[in-house]
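Colleague: Have a look at this one before I ask anything.
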Amino acid sequence: MKKFAVLAEDGLSVEAVVSSVSAPEGAVIELPASFDLARVLRSYVAGGALMPRPEVPPPVQTAAGIEITGCPPGTAIMVHDVLGGEVLAEIVTDEAAQGAAFSLPDPGLYQVEVTPPFPYLGSVTNHEVAE
C-alpha cells in the first residue's frame with residue numbers, strides 16, 4: 001500500500017492522508033514510505049512539492065505584558081482574558097505594523113491567538129500573570 005496526501009480544494013493545503021494501492025482521484029501527492037504525519041499536515045504545496053508552512057514567532061511575555069513581532073500583513077491577533085471570559089484586544093496587522101504589544105495589568109490567565117494568512121501557521125498560547 002502507498003500513502004498519499006490529499007489536497008484541499010485550494011490545491012495548496014493538505015486535507016488528509018490516505019492509504020491506497022493506487023492514487024485516489026483528485027489532487028494528490030505520493031508520500032515516501034517513511035513520512036511524519038504531523039509534518040505532512042503542517043505542509044503546503046509549492047511547485048508540486050510539499051513544503052513546510054512557515055511559522056510566525058510566538059508571543060513573548062514581558063514584565064509589562066505580551067509582545068508579538070514578525071507577523072506577516074493580515075495577521076489577526078486576539079488576546080483573551082480566560083478567567084473573565086472576554087476579548088481584551090483584537091487587531092489585524094498591516095504593512096506598517098507587523099506586530100503589537102499588549103499590557104496585562106491584572107493577575108490572571110490570558111490566551112493569545114495569532115491567525116496569520118495562508119501559508120503561515122497560527123498559534124494559540126497561554127500566559128499567566130502572577131499576583
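The values are calculated or read from the model by the stated rules, or taken from the named source; none is laboratory data. Not measured: the values here are computed from a predicted model. Using ideal geometry, Cβ is built from the backbone for each residue, glycine included, and neighbour counts are taken over all protein chains shown.
Colleague: For region 62-96, give me the residue count where each residue is of a type in the set (G, A, S), under 15 Å from T115 (Cα atoms) and over 16 Å from the mean Cα position of the chain (by Cα).
Modeller: 1
Colleague: Follow-up question, since we're still on this one. Only one of (1) out of contact with any His (no Cβ under 9 Å at 6 or more places or on another chain); (2) touching a residue at least 60 places away in the same chain (Cβ under 8 Å) is not met by P59, so which one is it?
Modeller: Condition not satisfied by P59: (1).
Colleague: State all residues of region 26-56 that are out of contact with any helix residue (DSSP H, G or I) (no Cβ under 8 Å at 6 or more places or on another chain), surrounded by 14 or more Cβ atoms within 10 Å (Cβ to Cβ), in a strand (DSSP E or B) and among the aliphatic types (A, V, I, L, M); if no residue qualifies, say none.
Modeller: Matches in region 26-56: V28, I29, V45.
Colleague: Enumerate the strands (runs of 3 or more DSSP E) found wholly within region 70-122, keeping only those where 1 or more residues are touching a strand residue (DSSP E or B) at 6+ places or on another chain (Cβ under 8 Å) and of a type in the set (D, E, K, R).
Modeller: The strands (runs of 3 or more DSSP E) meeting that bar are 76-81, 86-92, 108-115.
Colleague: With the requirement that a residue be acidic (D, E) and modelled with pLDDT of 90 or more, what does region 105-126 give you?
Modeller: The answer is E113, and nothing else.
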